[in-house]
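For reference, the structure discussed in these notes is given below.
The values are calculated or read from the model by the stated rules, or taken from the named source; none is laboratory data. Quantities reported herein were computed from a predicted structural model and do not represent experimental measurements. As a convention, Cβ positions derive from the backbone with ideal geometry for all residues, glycine included, and neighbour counts pool all protein chains shown.
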Amino acid sequence: MNRFLFVLGSNWQLSLAELDNFLKNSQIRGRITDYSANIAIVEFDDLHKNKYYINDLMELQYLLGGCQKIAEIYDFVDIQTTFNAFPLKVEKFKLIETKRREILKVINDILPRIFPKIKNESIFFAVSIYPNLYDDTYYSDVLVKHFLPFLNKEIMALLNEIGAKKSLYYRYPEENIKSGNLNPIFPHNVIKYGLFNKDRAEVIFGFTEEGFYIARTITCDDPNFKKKTDEERPFKEFKSAISPKLALIMLNFLNLFEEREKKKILDPFVGNGTILLFALIEDFQIYGSDIDDVKVKKTLRNLNWLLNELEEPIPYMLNENIRQANINKLSSIFDKEQFDGITTEPELGPFYNQKPYYTEIKKLIDSKLKPIFEATFREAYKVLKPKARISIVAPIFSTVDGGDLTLNIEELARKNNFTLIPLLDLNRIANKSNQKLQFQRKHVKAMLDAKKGQIVKRKIFVFEKEN
Ligand SMILES: C[S@@+](CC[C@H](N)C(=O)[O-])C[C@H]1O[C@@H](n2cnc3c(N)ncnc32)[C@H](O)[C@@H]1O
């Protein structure tokens, strides 16, 4: 069938937008044909025709910040069959039995494709169910409590019938199954349990509004590596730093997918260097600056630490490429039209433990942040190549007495000849009937990256330099 299932990151909207942008603009073309708040179904134009497509998918997994796993789809069961086989309220026993048998027939047919050799083998499998939305009662009450045990038991029985010497399944904690509160197996456990081996597999049952896709995981995120880079570097501010995943997603929105080793990326507010660390991992040529000389030194120390960890040589002129400078002076330390892209998180103001007052934030925005963001666009225009992009974080402040407040970054960008690029192309995404899954024009102009209750939220924007 040549369709693939992508398990999205926790910020599913941003992950979906990142994936769609990649499929639209990189050399690996394709389309998202269906999605939920956890998965995207992708049809590639011709990736699957390549004999080594698994390598391409592994590379894609490495590149994308918002992708947890990629799985190959073997079949699909429509939602009506699923509801009939596993209803919220049990009434028609006969229908349940017939429909469950239909589902088992589908699974039975694909087992030999998931496990190339079953006879006399010891097989281990983990079932992962990704619901349409985690807060659906259908997930907690039916899928976790009934569908999961059914799948575990029946797949084990089918494998034994085909002639497996032994078959075992991954056991989720019993208390999670009882409470209906369950997360599918995490990527680090997929790696730990060797679920890419021939006699082992993670079998994904990925739900959308249309039904469920049955797929086998072929690659997954290696969170240990990103975590190590983020947490073990010599300098880091845990309270406020941008996450590795967000740094990767923002870098991908620059649309620089090919020959990255030739592309020059700038972060003019390096801080402790998170964005540059991940830009280095993604093979870019890195440049940076910050008003604070101590930050510049910390970024350099972090970069040297990472290069040492990766056992890679120090890039030519690294020390000269990361420099102390006020954003106002950016174009006097870097060349005109030097950069292929800018990814940055400018000054966002102080770290708040409690919600601030409206007047305090209004003053912060008008007297401090607005001039910084304005200078960013003015200077970015000078140092960026024509048509190059900037992906940038803008803060949204939650105040005690005046709701949410932000600065009008779109106007500042427009005044400096930058065009807003919506993060998701609505023409390429089929709309969903559940409101929580819908995208409207206002949702895709920029996207939030924030935890519940966060006082300063990040909003991600992408702009393109006009000619
Ligand atoms: C929010 S931090 C960037 C954090 C970074 N993304 C990280 O993960 O470590 C913003 C940085 O902007 C710098 N900064 C503040 N005002 C500046 C200005 N006018 N010009 C250049 N840098 C400035 C600060 O020193 C600070 O390091």
**Request:** Starting from residues that are in a loop (DSSP other than H, G, I, E, B), under 24 Å from the mean Cα position of the chain (by Cα) and touching a residue at least 24 places away in the same chain (Cβ under 8 Å), keep the ones in the stretch 106-147 and report whichever is surrounded by the fewest Cβ atoms within 10 Å (Cβ to Cβ).
**Result:** 134
**Complete:** If we keep only residues of the stretch 331-353 that are touching a Lys or Arg at 6+ places or on another chain (Cβ under 8 Å) and among the aromatic types (Phe, Trp, Tyr), then the residue farthest from the ligand (Cβ to nearest atom) is 339
**Request:** Please verify whether the stretch 63-84 includes one or more residues that are surrounded by fewer than 16 Cβ atoms within 10 Å (Cβ to Cβ), more than 18 Å from residue 5 (Cβ to Cβ) and modelled with pLDDT of 95 or more.
**Result:** yes
**Prompt:** Out of (1) in contact with a Lys or Arg (Cβ under 7 Å, 6 or more places away or on another chain); (2) within 17 Å of residue 29 (Cα to Cα), the odd one out for residue 85 is which?
**Reply:** (2)
**Fill in**
Requiring at least 3 residues that are surrounded by 14 or more Cβ atoms within 10 Å (Cβ to Cβ), the helices (runs of 4 or more DSSP H) wholly within the stretch 296-394 are 330-333, 358-363, 370-383
**Prompt:** What strands (runs of 3 or more DSSP E) lie completely within the stretch 407-465 and have 1 or more residues being at pLDDT below 95 and surrounded by fewer than 17 Cβ atoms within 10 Å (Cβ to Cβ)?
**Reply:** 447-449
**Message:** Go through the stretch 230-275 and report how many residues are in a helix (DSSP H, G or I), out of contact with any Gly (no Cβ under 9 Å at 6 or more places or on another chain) and buried (at least 21 other Cβ atoms within 10 Å of the Cβ).
**Reply:** 1
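Within the stretch 304-320, is there a residue that is in the same structural domain as residue 228 (by TED's automatic domain parsing) and within 12 Å of the ligand (Cβ to nearest atom)? Step through it out loud before you land on a result.
The initial filter retains those residues of the stretch 304-320 that are in the same structural domain as residue 228 (by TED's automatic domain parsing), namely 304-320.
Filter again for within 12 Å of the ligand (Cβ to nearest atom), leaving none.
No, there is no match, as no residue in the stretch 304-320 is in the same structural domain as residue 228 (by TED's automatic domain parsing) and within 12 Å of the ligand (Cβ to nearest atom).
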**Prompt:** Filter the stretch 7-30 for residues that are in a strand (DSSP E or B) and in contact with a helix residue (DSSP H, G or I) (Cβ under 6 Å, 6 or more places away or on another chain); which is nearest to residue 461 (Cα to Cα)?
**Reply:** 8
**Item:** Unmet requirement for residue 181, which otherwise passes all of (1) in contact with a Ser or Thr (Cβ under 7 Å, 6 or more places away or on another chain); (2) closer than 28 Å to residue 108 by Cβ
**Value:** (2)
**Asked** Would the stretch 272-285 turn up any residue that is closer than 21 Å to residue 250 by Cβ, in contact with a Lys or Arg (Cβ under 7 Å, 6 or more places away or on another chain), assigned by TED's automatic domain parsing to the domain that holds residue 402 and acidic (Asp, Glu)?
**Response** yes
**Fill in**
Among the residues of the stretch 148-202, the number that are farther than 17 Å from residue 120 by Cβ, surrounded by fewer than 16 Cβ atoms within 10 Å (Cβ to Cβ) and touching a strand residue (DSSP E or B) at 6+ places or on another chain (Cβ under 6 Å) is 1
**Fill in**
Among 176, 189, the single one that is in a helix (DSSP H, G or I), assigned by TED's automatic domain parsing to the domain that holds residue 85 and under 21 Å from the mean Cα position of the chain (by Cα) is 189
**Prompt:** Quick one: how many residues across the stretch 234-263 are near the ligand (Cβ under 10 Å from one of its atoms), closer than 22 Å to residue 313 by Cα and at pLDDT 95 or above?
**Reply:** 0
**Request:** Would you check which residues across the stretch 33-63 are touching a strand residue (DSSP E or B) at 6+ places or on another chain (Cβ under 8 Å) and part of a loop (DSSP other than H, G, I, E, B) and list them?
**Result:** 36, 37, 38, 45
**Prompt:** When both residues are 6+ apart or on different chains and their Cβ atoms are under 9 Å apart, which pairs have a first residue that lies in the stretch 224-253 and is among the hydroxyl-bearing types (Ser, Thr, Tyr), and a second that is within 11 Å of the ligand (Cβ to nearest atom) and at pLDDT below 85?
**Reply:** 243/230
**Item:** the stretch 268-326, residues that are among the β-branched types (Val, Ile, Thr), out of contact with any helix residue (DSSP H, G or I) (no Cβ under 7 Å at 6 or more places or on another chain) and free of Cβ contacts under 8 Å to residues at least 24 places away in the same chain
**Value:** 294
**Failed criterion for residue 49 (all others in (1) at pLDDT below 95; (2) under 15 Å from the mean Cα position of the chain (by Cα) hold)** = (2)
**Prompt:** Is it true that some residue in the stretch 354-370 is touching a residue at least 24 places away in the same chain (Cβ under 8 Å) and within 30 Å of residue 25 (Cβ to Cβ)?
**Reply:** no
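Inside the stretch 276-295, can you point out the residues that are in a loop (DSSP other than H, G, I, E, B) and of a type in the set (Asp, Glu)?
Those that are in a loop (DSSP other than H, G, I, E, B) and of a type in the set (Asp, Glu): 282, 283, 292.
Can we say residue 288 is on the phi > 0 side of the Ramachandran plot and either touching a His at 6+ places or on another chain (Cβ under 6 Å) or within 16 Å of the ligand (Cβ to nearest atom) (or both)?
On the way: on the phi > 0 side of the Ramachandran plot: no; either touching a His at 6+ places or on another chain (Cβ under 6 Å) or within 16 Å of the ligand (Cβ to nearest atom) (or both): yes.
Taking the combined requirement at face value, the residue does not satisfy it.
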**Message:** One residue is enough: does the stretch 362-381 have a residue meeting the conditions modelled with pLDDT under 95 and within 13 Å of the ligand (Cβ to nearest atom)?
**Reply:** no
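Sort out which residues of the stretch 35-57 are in contact (Cβ under 8 Å) with a residue 60 or more places away in the chain and out of contact with any Gly (no Cβ under 9 Å at 6 or more places or on another chain), and write them in order of number. Break it down stepwise before answering.
First pass over the stretch 35-57, keeping only residues in contact (Cβ under 8 Å) with a residue 60 or more places away in the chain: 35-39, 41, 54, 57.
Matches in the stretch 35-57: 35, 37, 54, 57.
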